[in-house]
Each structure stands twice: as C-alpha cells, then as structure tokens.
Amino acid sequence: MPRSASRTVAGSTVAWSLLLVLLVCQALLSLWASNTRSVPLPERAGTDAKGGVLWQIGRRPELSFGFRNFLADVAWLEAVQVAGSRQMSPGDYDRLDNLLKITGGLDPRFDVPYILGAMILGNSPDHVGAALDTLKRGKAHHPAKWLFPFYIGYIQYFSLGDPVAGGKALEEAARIPGSPRYLPLLASRMLTEGREPETALALLEGILQQETDPARIRILEARIREVIVERDIQSLERAVSEYEARTGSRPANLHDLVRAGIVQGIPAEPHGGRYLLSPGGTVRSDKVEGRLKVMRHR
C-alpha cells in the first residue's frame, strides 16, 4: 500500500476513534445525569444535590469534558421539576437553591434560571437571602441587563418589605441603557413609601434633565409634583406629632404649627391647592385623592 494511502487510513482510524470516545463520554454523562435525577431526594438540607455527580461537576466544570451546556440543561430541568411542586417544603427550596448553583456553575451565561429560580426562592421566608444571592450571581455575569437589579428590587420589596432597598435597586436598573421608561416612576414610588422622597426627587429630576421627549417630560413632571406632595405631607405630619407632644393637644389647623414655631410656613401645594389637617390628625392635599404607595402582597 502506498505511504500516502496508509496515512489516509491511519488518519481516518484516529478520527473515528476520537468520535467513538466522545460518544461513549456523552453516553456515560447522560447515564450519570439520569441516575442523579432518578434518585429519591431527602426532605431536608438538599444533601442529594451536593453529593451528586452534577454537584461535583458544577464545582469543577472542567470535568464536564465539553458537555457543560448539556449538563446545565439537565440540572435546570431537575430544578424546574422541584419548583413545580404545588406545595414546596423547606427541603424542596434547599434542593432548588443547590440546583441553581449547579446550573450557574456549569453555564453562568444561562440567565433564565437566575431570575425565575430567585423569584421562587423568594416565596420562602427562609430562602430570601438565597434568592438575592442567586440574582447577584446573575448580575455579576450579566452587568448590562437591567432585569437583574430590577428583580433584586422586586425581592427586596415584596419578600423583605423593604421599599428603600427595593427602590434603590430599581434606580440602578433604570440607569442601565435599554431599561423600560417606567422604572424611574416605580423606583420613585418605592423610595417615597420608604420615607425617602428626597431620594425619589433626586432620581426623577436627574432623569428629567436628560429627557428630550415632551410626553415623557410631562409624565416625569407630574410624578415630581406627586412626590413633592408626599414629602410635604410627611413633613407636616411629623410637625403635628411634635405639636401634640409639646402641648398635649392636637392643632386646630396647620397654621397652629407656624404659630407654635414648629414650621416656618405651610409649603405651597404644587398643584395649586392647599394642605389640610384632617380630624384624625393626618394631612392631605385638596387636589390629590391618594398618596403614593406601591401595592404589596399581604
């Protein structure tokens, strides 16, 4: 046989051998993944996920032999099955947390598990910290995606009941190019309810300076007036409380606060109306029906 022909045969043999090795590796990995998914999982602590093959490979992705995306999909499918339970136990949340770590370790650019998994973890009071950690891992790998700080704000607000932290996270999301136009408005609502209307005003006024669209400018200006009303009401209600502490009685009207030297004057209502003292001691605007408040799950 000519030397060139023998080289061709040898090269073909090596190529087929390599292909066979890859197929065997894929089959073994598929078998390991199937076994991992079929093992009964204990109720607590998620020790199954930490002790399984996927957990070990997730900690050392180089052991995946080029099948990182495939194994990440397997781990995510297992996480979906765990999260699909109608009534998740504490152990289910532990398992979900571990499987999300496995998925992220194998394929950190896979963004869906971070967000969806974190939202489910946030439903468990004992796993809110894990939910935030999951989103922060995703944010580290996707710094240009506004969805990560947005959902961090969602968890902070709806799971922890912290409107200040939630509003600041939404403020961060609002500054990322391509984020929705409504984010500054939602952030201002959260910050205002968290009794930081000055922060909300700074955010809105900073965005307003850069805005060029007339319709959006009108929306921002209207929201600024709403935040000013809330700021003034909060300030006046604090003054009412101070008046009661000093005198032992409630003021007859807001001008009593000026006469007592507690406030220098009644601020101008930005809609052209007036601030009024209600019989119960609360303050309201005669031009604004409600106060800024993000509806939260109870």
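Summary table below
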{"item": "Residues located in segment 91-118, provided they are out of contact with any helix residue (DSSP H, G or I) (no Cβ under 7 Å at 6 or more places or on another chain) and surrounded by fewer than 20 Cβ atoms within 10 Å (Cβ to Cβ)", "result": "G91, V112, L116"}
{"item": "Which numbered condition G281 misses (of (1) on the phi > 0 side of the Ramachandran plot; (2) modelled with pLDDT of 95 or more)", "result": "(2)"}
{"item": "Condition check for S188: in a helix (DSSP H, G or I) and loosely packed, with under 14 Cβ neighbours inside 10 Å", "result": "no"}
{"item": "Enumerated helices (runs of 4 or more DSSP H) restricted to segment 106-175, each holding at least 2 residues that are small (G, A, S) and assigned by TED's automatic domain parsing to the domain that holds L96", "result": "112-121, 128-141"}
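The values are calculated or read from the model by the stated rules, or taken from the named source; none is laboratory data. Small disclaimer: the values here were computed from a predicted structure and weren't measured. As a convention, Cβ positions derive from the backbone with ideal geometry for all residues, glycine included, and neighbour counts pool all protein chains shown.
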